[in-house]
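Input: a single structure, listed below in C-alpha cells.
The values are calculated or read from the model by the stated rules, or taken from the named source; none is laboratory data. Small disclaimer: the values here were computed from a predicted structure and weren't measured. Here the Cβ positions follow ideal geometry from the backbone for every residue, glycine too, while neighbour counts run over all protein chains shown.
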Amino acid sequence: MEYAILGIILMSIMLLYFRVADHFNIIDKPNQRSSHTEITLRGGGIIFWFSALFYFVQHIQNNYFFFTGITLVSLVSFWDDIQSLSNKIRITIHFLAITLIFYDLNLFHLIPIWCVGITYVLAIGLINAYNFMDGINGITGLYTLVVMGGLLYVNTKIQLFADSTFIKYAMIASLVFLFFNYRKKAKCFAGDIGSIAIAFWIIYLVLKLILVTESLIWLLFLAVYGVDTVCTILHRIYLKQNIFEAHRLHFYQVLSNEYKIQHRLVSLFYGLIQTGISLLVIFLYQKVQDAIIFLIIILPLLFIYLFKFFLLNKSNLRLDHGA
C-alpha cells in the first residue's frame, strides 16, 4: 500500500509539474544534434528528487548526507535545465555532493587517499555518463529500473547493504516517469535534474555495495552505459571534437538517428543487454575471479560497440551513393 500511495503522489506531482513547466516555458527545443524532432517539456525527472524527499522524511535520522547531496545536484541540474550553467559550476557542485556521500560512507578512512581520488573521478564520470546517455525516449527510465532491480536482488538474496525501501522508492519514481516518457511522442524528458539525480542515487548504492562486499564487480551493473560513454569519448577525441559539445555519436544515437530505429526499441535493447549482464554478474559472483568477470563482460561489449563503426560507414556510403 505504501508504494501504491507513493506512485499516486508522484503521478500527481508530475501532472502538476507539467503545468509549471508549460507556464515557465521549461522546454527542450530540438536541434540538428537532437534525437527528437518536437518541442517537449523537460525536467520531468524532478520526481526522482521528490521520491528521495519522501524517503528522507520517513527516515530522517540516517540520510542527511545523501539527501543534502542529491538536493545539491538536483538544484544545480534544474537550474541548468532552465538556463545553461558553466561546466565549472556544475562540476564543483557534483564534487561537493560526492564528498558528502563519501563522508557518509566513511570512505576517507576505509580506503587509501589515492583510491579516494580515483573514486572521485569515477563517481563524477558516472554522473556525467548517465546524463550523456539520456537522449531518447525511455532509455533513462528503463536502464534505471534494470540497475535498481539488480541492486534490489543482491540486497535481498545475496548481501544486505541498504534498506530495500530506499531502492524501491527509486524504482517507483522510474515507473512513474516511464509512464510519461516511454511513448512514441514523450510527454516529457528527464532533463539534467532527472538523469543526474538518479545517477547520484545509483552511485551511492553501488559504493555501499562495493564497500560491504569488497568487490568491484558491481560496477558492471553500469557496464553498458560505461562502455558506450568511454568509447564514444575516445572516438570524439580521435576526431578532434570538443567532448563537451552536443553530438550524435553514441551507439544509441546512430541506431535512432542514422537507421531510424524507434527510440523505444533502442531503449529496450539497452535495458535487455544490461539485464543479461547483471544476471551474469550475480551468477558468477564468488564463483569466478573478479578480473575474469570483467573480461567476460567488457570484451563482448567492446565488440558490440565496434559494430557502430560498420553502421556509420554503411550510412556514409549510402549517403555518398545518394549524392
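Results, tabulated for the structure shown:
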| quantity | calculated |
| --- | --- |
| Residue match in region 168-181 (condition: surrounded by fewer than 19 Cβ atoms within 10 Å (Cβ to Cβ) and part of a loop (DSSP other than H, G, I, E, B)) | no |
| Count of region 7-42 residues which are modelled with pLDDT of 80 or more, more than 13 Å from GLY191 (Cα to Cα) and in a loop (DSSP other than H, G, I, E, B) | 2 |
| Single residue of region 232-251 satisfying the filter (touching a residue at least 12 places away in the same chain (Cβ under 8 Å), hydrophobic (A, V, I, L, M, F, W, C) and part of a loop (DSSP other than H, G, I, E, B)) that is farthest from HIS263 (Cα to Cα) | PHE244 |
| Residues of region 93-126 that turn out to be surrounded by fewer than 14 Cβ atoms within 10 Å (Cβ to Cβ) and either under 18 Å from LEU72 (Cβ atoms) or among the aromatic types (Phe, Trp, Tyr) (or both), as a count | 4 |
| Only listed residue being part of a helix (DSSP H, G or I) and closer than 20 Å to ASN181 by Cβ, chosen from PHE65, PHE50 | PHE50 |
| Within region 58-74, considering residues that are among the β-branched types (Val, Ile, Thr) and over 24 Å from PHE18 (Cβ atoms), the one surrounded by the fewest Cβ atoms within 10 Å (Cβ to Cβ) | ILE60 |
| Qualifying residue in region 181-191 (condition: among the aliphatic types (A, V, I, L, M), in contact with an Asp or Glu (Cβ under 9 Å, 6 or more places away or on another chain) and closer than 21 Å to ALA97 by Cβ) | yes |
| Residue match in region 135-145 (condition: surrounded by 23 or more Cβ atoms within 10 Å (Cβ to Cβ), of a type outside the set (Gly, Ala, Ser) and at pLDDT below 95) | yes |
| Residue within region 187-200 that is surrounded by fewer than 20 Cβ atoms within 10 Å (Cβ to Cβ) and either closer than 17 Å to TYR305 by Cα or not charged (D, E, K, R) (or both) present | no |
| Neighbours by Cβ (under 6 Å, 6+ apart or cross-chain): first from region 202-215, modelled with pLDDT of 95 or more; second surrounded by fewer than 22 Cβ atoms within 10 Å (Cβ to Cβ) and among the aromatic types (Phe, Trp, Tyr) | LYS208/PHE161; LEU209/PHE161; VAL212/PHE161 |
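Each row is one residue, and each column tells you yes or no for (1) among the acidic types (Asp, Glu); (2) more than 22 Å from ILE13 (Cβ to Cβ); (3) over 14 Å from the mean Cα position of the chain (by Cα).
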| site | (1), (2), (3) |
| --- | --- |
| ASN137 | no, no, no |
| GLY141 | no, no, no |
| VAL146 | no, yes, no |
| THR156 | no, yes, yes |
| PHE161 | no, yes, yes |
| SER164 | no, yes, yes |
| ILE167 | no, no, yes |
| SER174 | no, no, no |
| PHE177 | no, no, no |
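Residue-by-condition table, conditions (1) surrounded by fewer than 13 Cβ atoms within 10 Å (Cβ to Cβ); (2) within 25 Å of LEU145 (Cα to Cα); (3) at pLDDT below 95; (4) under 24 Å from the mean Cα position of the chain (by Cα):
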{"residue": "PHE269", "(1), (2), (3), (4)": "no, yes, no, yes"}
{"residue": "LEU272", "(1), (2), (3), (4)": "no, yes, no, yes"}
{"residue": "THR275", "(1), (2), (3), (4)": "no, yes, no, yes"}
{"residue": "TYR285", "(1), (2), (3), (4)": "no, yes, no, yes"}
{"residue": "LEU299", "(1), (2), (3), (4)": "yes, yes, no, yes"}
{"residue": "LEU306", "(1), (2), (3), (4)": "yes, no, yes, yes"}
{"residue": "LEU319", "(1), (2), (3), (4)": "yes, no, yes, no"}
